[in-house]
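Chemist: Take this structure, written in structure tokens, and hold onto it; I'll ask about it next.
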Amino acid sequence: MWLVVATVTALGSTSLAGAGSPGTDDVSAGARTAQSDTPQVGFALAAETVVSPGSVCPGGAAAPCLLGSGGGVAVRFGYRLGSFWYFGGAYEFTRHDSSNLMRLAILQQLRAEGRYYLERGNRATGFLAAGVGAHIYGNDWGASTAGGLVTTGAGVELELSPKAVVAAAAMYRLLIPKSYRDSTGEQRGDGPFGFGFAHMIGLEFALEVRDPVPHW
């Protein structure tokens, strides 16, 4: 809720400022606000599509695959360093199709992220992104397995006001879960050093606010 209030306040302040400055509309229509070092928080709708479940769902398994595609939400907090760099962290949880082997299959991700903005002074700005982190997958927020993850991709950010942006990104994710046996006795994620691999494509549609703490 506080994120929504901060966004509405930021948009309102910009509108009032623009109304009192005739002649600035032509400049602001396509120009992007110069960026300074500032905190940045966000909320996103997330979709995770399993491209290949890999050894999590081995080809010769008698039981069906328990890692399907899913959707959920993500929150992030980070720091924007001028016009080109962003570093921060994100927590995401998504509910997945488990072929009825789990009542509520939840994938949780905790990621350290970085972005490099292809800054050209326009309100719509592309960026490259990458990150590393950890994941947990299990039933009802439990942990049937856990492991690391690596992610990389790209996106575009559209500035609504000097303090509010919307963004969309497509990210490749490599999950590296620890091997385990599921409720049917099937071995999952069997691979080198006791870890397997799964490949996913994540899509995010985000609302992010810069400098969200009011200054009195």
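The values are calculated or read from the model by the stated rules, or taken from the named source; none is laboratory data. What you see is a predicted model; the values in this text were computed from it and never measured. For neighbour counting, all protein chains shown are included, and Cβ atoms are generated from backbone atoms with ideal geometry for every residue, glycine included.
Chemist: Hey, any hits in the stretch 176-189 for a residue that's closer than 20 Å to E119 by Cβ and charged (D, E, K, R)? Let's see the steps before the verdict.
Modeler: Initially, the stretch 176-189 is screened for residues closer than 20 Å to E119 by Cβ, giving none.
No, there is no match, as no residue in the stretch 176-189 is closer than 20 Å to E119 by Cβ and charged (D, E, K, R).
Chemist: All but one of (1) out of contact with any strand residue (DSSP E or B) (no Cβ under 8 Å at 6 or more places or on another chain); (2) free of Cβ contacts under 8 Å to residues at least 40 places away in the same chain; (3) not hydrophobic (A, V, I, L, M, F, W, C) hold for G191, so report the exception by its number.
Modeler: (2)
Chemist: Could you look through the stretch 94-104, keep only residues that are surrounded by 17 or more Cβ atoms within 10 Å (Cβ to Cβ) and at pLDDT 95 or above, and pick out the one that is nearest to G189 (Cα to Cα)? Explain how you work it out, then say what you get.
Modeler: First pass over the stretch 94-104, keeping only residues surrounded by 17 or more Cβ atoms within 10 Å (Cβ to Cβ): 94, 96, 98, 101-102.
So of that shortlist, the ones also at pLDDT 95 or above come out as 94, 96.
Numbers: T94: 20, H96: 17 Å.
Across the stretch 94-104, the extreme among qualifying residues is H96.
Chemist: Between residues in the stretch 157-176 that are within 12 Å of G126 (Cα to Cα) and residues that are among the β-branched types (V, I, T) and not in a strand (DSSP E or B), which pairs lie under 7 Å by C-beta distance while being six or more apart or on different chains?
Modeler: So the pair list comes out as E159/T33.
Chemist: I would also like to ask the following. Would you be able to say whether some residue in the stretch 163-180 is surrounded by fewer than 17 Cβ atoms within 10 Å (Cβ to Cβ), modelled with pLDDT under 95 and either out of contact with any Lys or Arg (no Cβ under 9 Å at 6 or more places or on another chain) or assigned to a strand (DSSP E or B) (or both)?
Modeler: no
Conditions tested, residue by residue: (1) out of contact with any Ser or Thr (no Cβ under 8 Å at 6 or more places or on another chain); (2) closer than 17 Å to R80 by Cβ.
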site	(1), (2)
A129	no, yes
A169	yes, yes
R173	no, no
F197	no, no
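Chemist: Tell me yes or no: at least one residue of the stretch 141-148 is more than 23 Å from T38 (Cβ to Cβ), of a type in the set (A, V, I, L, M), at pLDDT below 95 and assigned to a loop (DSSP other than H, G, I, E, B). Working first, answer last.
Modeler: Just the residues of the stretch 141-148 that are more than 23 Å from T38 (Cβ to Cβ), to begin with: 141-148.
Next cut, of a type in the set (A, V, I, L, M) only: 143, 146.
With at pLDDT below 95 added as a condition, the list becomes 143.
With the extra rule that they be assigned to a loop (DSSP other than H, G, I, E, B), the set shrinks to 143.
Within the stretch 141-148, one or more residues are more than 23 Å from T38 (Cβ to Cβ), of a type in the set (A, V, I, L, M), at pLDDT below 95 and assigned to a loop (DSSP other than H, G, I, E, B).
Chemist: Which ones in the stretch 90-114 are within 13 Å of the chain's Cα centre (by Cα) and either free of Cβ contacts under 8 Å to residues at least 40 places away in the same chain or at positive phi (or both)?
Modeler: Y91, F93, Q108, L110, A112, E113, G114
Chemist: Still on this structure: Out of (1) of a type outside the set (S, T, N, Q); (2) under 30 Å from L67 (Cα atoms); (3) crowded, with 17+ Cβ neighbours inside 10 Å, what's the single condition that is false for E157?
Modeler: Looking at each condition in turn, E157 falls short on (2).
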